[in-house]
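First the structure, in the form of structure tokens, and then the observations on it.
No lab work stands behind these numbers, since they all come straight from the coordinates. Quantities reported herein were computed from a predicted structural model and do not represent experimental measurements. Cβ placement follows ideal geometry from the backbone for every residue including glycine, while neighbour counts extend to all protein chains displayed.
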Amino acid sequence: MKPSSQDQSFSDSRELDCSYDLLTGNPPSKPHKKTIKQRLLRLLPCLSSSSSASVDQSNESDEDELSAVRRRPERLDRLVDQTNFSRKELQVLYRGFKNECPGGVVNEETFKSIYSQFFPQGDTSMYAHFLFDAFDTHNNGAVSFEDFVLSLSIILRGSVTDKLNWAFNLYDLNKDGCITREEMTDIMQSIYDMMGKYTSPSMKDTAPKDHVDTFFQKMDRNNDGVVTVEEFLETCQKDENIMQSMHLFDHVI
């Protein structure tokens, strides 16, 4: 759904204090901790109030900037149609993206370097690799501005089904339409490597396996050892906690 006002800006973003574990449906041990998606939003400096303050004075300059970068994004009007962002919001997002990625695209190593800043005590490399693959919709080893805002639009303002499909795509590492135990183990191990050793209370070494077991107990309806997108969607849509978590980011920006 489109925002109610085309003048809504990113300076309206606010910190969210709670979420649910999409895999288990359980509340986090420390609700005030920022979730992974919240940390992802902070990859772009344009989410700060200083970035959005000059939006009204820079519409024309934004159009000039769009034609000046080495890889020009699609016209803003087309992105307005393809996403749930207004024209002004896309202009603000573009300025932030260009500041971080002057060439118009971000490669995996740069993405990993930026993402590692938010988990300095952990190893973010594997999870950032999975996340980068989810954003790299053309599988060409680069995330363009278009790639970024299309995914961000789903994460923040997509329908529940769109958000769940995006999450499924993240977990389905080889993109064959089903999630295996091996894939989910790799995902959970990457999350544990990134933050599990530094949580309080600390997670057990068996935590990744325990999460995978819980995931398959809930999701694998026919016990065939894989979770299809249909099973994933059906189970998530019947889980009240997961459904609540899907709406947490509806009004972030």
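Details
- Net lengthening on full extension, N174/T110 (0.36 nm per residue, minus Cα-Cα): 20.8 nm
- The shape of the stretch 123-167 comes out oblate: with a ≥ b ≥ c from the C-alpha gyration tensor, a/c is at least 1.5 while a/b does not beat b/c.
- Rounded is the label for the stretch 119-253, because the ratio a/c of its alpha-carbon gyration tensor axes (a ≥ b ≥ c) stays below 1.5.
- For the stretch 136-148, 3J(HN,Hα) computed residue by residue from phi via the Karplus equation (6.51, -1.76, 1.60; θ = phi - 60°) reads 7, 5, 9, 6, 10, x, 8, 10, 8, 4, 4, 4, 5 Hz, glycine and proline entered as x.
- A simple spin-label model places pseudo-atoms 7 Å from Cα toward Cβ; at T206 and F130 they are separated by 2.1 nm.
- The gain in end-to-end length when the M243 to S159 segment is fully stretched comes to 29.1 nm, 0.36 nm per residue minus the alpha carbon separation.
- Per-pair calculated FRET efficiency, R0 = 41 Å: R78 and N223 via Cβ, rounded to 0.05: 0.35
- Cα gyration tensor category, rounded, prolate or oblate, for the stretch 85-199 with a/c compared to 1.5: oblate
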